[in-house]
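Here is the structure we will look at.
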């Protein structure tokens, strides 16, 4: 729920480049978000643009933004996305 009591609507990214662009444009912000894959369970992450690293709430960190994007889009070894989209919901 957002401040006015209505349900938050997730942003749908259909290409890895769209999610990368969104995160790169976040500026010097830090926020938590939930990534909701087309299949599987949603996961919660923390983004810090100053470190340019995305971390899961359990402490796992990714070496780079590219590594996270490949993880979110379930990329194969060649970097090809194996999912149609990832939904993204900012939590804080």
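Out of the residues in segment 53-81 that are exposed (fewer than 15 other Cβ atoms within 10 Å of the Cβ) and touching a residue at least 12 places away in the same chain (Cβ under 8 Å), which is nearest to residue 40 (Cα to Cα)?
57
For segment 1-50, what are the residues that are assigned to a loop (DSSP other than H, G, I, E, B), surrounded by 13 or more Cβ atoms within 10 Å (Cβ to Cβ) and modelled with pLDDT of 85 or more?
10, 14, 15
For residue 84, all conditions in the list (1) without any contact (Cβ under 8 Å) to a residue 60 or more places away in the chain; (2) part of a loop (DSSP other than H, G, I, E, B); (3) closer than 15 Å to residue 11 by Cα hold save one; what is the number of the exception?
Only one criterion in (1) without any contact (Cβ under 8 Å) to a residue 60 or more places away in the chain; (2) part of a loop (DSSP other than H, G, I, E, B); (3) closer than 15 Å to residue 11 by Cα is unmet by residue 84, namely (1).
The values are calculated or read from the model by the stated rules, or taken from the named source; none is laboratory data. Everything numeric in this text was worked out from a predicted model, so none of it was measured. Using ideal geometry, Cβ is built from the backbone for each residue, glycine included, and neighbour counts are taken over all protein chains shown.
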